[in-house]
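A short worksheet on the structure shown next.
The values are calculated or read from the model by the stated rules, or taken from the named source; none is laboratory data. Note that the structure is predicted; figures quoted are calculated from it, not measured. When we count neighbours, we look across all protein chains shown, and the Cβ atoms used for this are built from the backbone with ideal geometry, even at glycine.
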Amino acid sequence: MKRIGVLTSGGDAPGMNAAVRAVVRTALSNNMSVVGFKRGFNGMLMNSLTSTDDFFDMTSRSVSGIIHKGGTSLMTARCMEFYKPSYQKKAVRNAKALGIEGMVCIGGNGTFKGAEALNACGLPSVGVPATIDNDLAYSEFTIGFDTALNTAVDAVNRIRDTGDAHERASIVTVMGRDCGDLALHTALACGAEAAVVPEVPWSIIEIGEMVHRGVISGKRSMILIFAEGAQKSLKEDVKDLRKKFPKLHINSDKLSSSQYAEIIEAVSGHETRATVLGYTQRGGSPTANDRILATRTGSYAVKLLLNDIGGRAVGIQGNKIIDVPLCDAMVGSTFEEDFYELVGITGYTRK
């Protein structure tokens with residue numbers, strides 16, 4: 001191949017810029033030209049008023065000074081149209097009209113589905129894993145996870161300080177959707193009393209009782225890390241909780257972090273507050289680990305295309321860069337049971 005394209009799609013992740021930089025610099029060093037598509041697959045559909053708002057030829061200078069920046073210089077967006085085969089074919093037709101022979105698609109599960117569609121339509125494509133959720137099981141880590149973890153740990157450290165001062169329990173909700181990796185790693189790194197994740201059934205009444213035991217054993221404060229998708233595995237029915245705690249005004253079937261805190265406070269008799277870290281975990285300068293992972297995987301993706309190999313997803317296992325079929329990369333996350341058990345052991349409160 002002599003000309004390839006690159007895009008970032010889906011949720012942004014710290015390190016995406018480093019991956020784009022590696023793709024461009026590796027391609028140029030192998031006499032390949034690179035087209036950068038803006039706003040993910042939207043750029044390939046070329047729906048903007050001007051072509052310059054959809055794509056541009058990338059040079060070595062165009063990726064200078066971005067390795068340390070969060071977000072993505074190519075910008076990112078979700079593209080619902082791309083689920084339709086007709087739009088997938090349109091994207092491939094547009095790319096080939098630009099002389100593009102292969103694509104590097106940087107993102108998570110949805111991005112990989114798009115890359116697989118491009119590949120099936122005759123445009124060899126390679127996926128580079130970039131998502132703070134770390135929910136691609138084939139790769140030990142994904143770009144952005146380490147940065148999000150460090151951001152969460154820093155926030156929890158600050159929350160613990162004020163929790164100690166006010167002698168309260170603190171729920172801290174981290175991102176991750178259906179994957180509890182970020183919650184588990186944060187809990188373990190912060191010495192949290194509990195990690196509540198979607199992979200393991202849990203009881204909010206039992207959590208409240210655990211907080212009560214901690215209080216009577218002399219603890220001034222407690223940290224409870226919740227994954228944002230934790231309600232998926234909640235044992236109690238929300239309707240039953242509504243009846244049990246009528247004064248809390250639970251009006252929705254989906255409990256908020258603040259409602260979790262109110263229920264735990266009602267059960268434990270101990271002041272409990274909730275903090276949702278939200279999009280702060282996606283921002284900020286990527287850690288050294290994420291920059292290195294992004295550079296290694298981005299460069300490897302280009303080398304696959306250089307050898308006319310598409311339909312693959314690049315990842316890391318045992319500090320070695322690997323590649324697997326795209327279809328095998330989209331199987332979800334692997335739950336780290338040993339991490340979960342370790343949180344329980346080290347966070348357990350004894351009298």
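Annotations for the structure displayed:
- Any hit, segment 339-348, residues being touching a helix residue (DSSP H, G or I) at 6+ places or on another chain (Cβ under 8 Å), under 22 Å from Val23 (Cα atoms) and of a type in the set (A, V, I, L, M): no
- Qualifying residue in segment 288-310 (condition: outside any helix (DSSP H, G or I), within 28 Å of Glu228 (Cα to Cα) and not assigned by TED's automatic domain parsing to the domain that holds Leu184): no
- Ser86 falls short on exactly one of the conditions (1) out of contact with any Ser or Thr (no Cβ under 7 Å at 6 or more places or on another chain); (2) among the polar types (S, T, N, Q); (3) in a loop (DSSP other than H, G, I, E, B), and that condition is (3).
- Those strands (runs of 3 or more DSSP E) lying entirely in segment 149-241 with at least 2 residues among the β-branched types (Val, Ile, Thr): 169-174, 222-227
- Residue under evaluation Ser217, criteria (1) more than 26 Å from the chain's Cα centre (by Cα); (2) closer than 29 Å to Gly332 by Cα; (3) among the polar types (S, T, N, Q), criterion not met: (2)
- Condition check for Asp146: of a type in the set (Asp, Glu), part of a loop (DSSP other than H, G, I, E, B) and in contact with a helix residue (DSSP H, G or I) (Cβ under 8 Å, 6 or more places away or on another chain): no
- The residue that is surrounded by the fewest Cβ atoms within 10 Å (Cβ to Cβ), among those in segment 194-217 that are over 13 Å from Glu265 (Cα atoms) and of a type in the set (A, V, I, L, M, F, W, C), is Ile216.
- Among the conditions (1) modelled with pLDDT of 95 or more; (2) in contact with an Asp or Glu (Cβ under 8 Å, 6 or more places away or on another chain), the only one that Ala261 does not satisfy is (2).
- Among the residues making up segment 43-81, those that are modelled with pLDDT of 95 or more and either of a type in the set (Phe, Trp, Tyr) or not in a loop (DSSP other than H, G, I, E, B) (or both) are Gly43, Met44, Leu45, Phe55, Phe56, Asp57, Met58, Arg61, Ser62, Val63.
- Subset of segment 273-290 [surrounded by 17 or more Cβ atoms within 10 Å (Cβ to Cβ) and either under 22 Å from the mean Cα position of the chain (by Cα) or at pLDDT below 95 (or both)]: Ala274, Thr275, Leu277, Gln281, Arg282, Pro286, Thr287, Asp290
- Filter pass, Arg273 being assigned by TED's automatic domain parsing to the domain that holds Asn134 and under 26 Å from Thr147 (Cα atoms): no
- Residues located in segment 301-319, provided they are under 21 Å from the mean Cα position of the chain (by Cα) and on the phi < 0 side of the Ramachandran plot: Ala301, Arg312, Ala313, Val314, Gly315, Ile316, Gln317
- Here Thr72 meets the list (1) more than 28 Å from Arg177 (Cβ to Cβ); (2) crowded, with 24+ Cβ neighbours inside 10 Å; (3) hydroxyl-bearing (Ser, Thr, Tyr) almost entirely, failing just condition (1).
- For segment 242-272, residues that are surrounded by 15 or more Cβ atoms within 10 Å (Cβ to Cβ) and part of a loop (DSSP other than H, G, I, E, B) total 5.
- Candidate set: segment 28-47, residues that are of a type in the set (Gly, Ala, Ser) and closer than 15 Å to Ala95 by Cα; chosen: the one nearest to the chain's Cα centre (by Cα): Gly40
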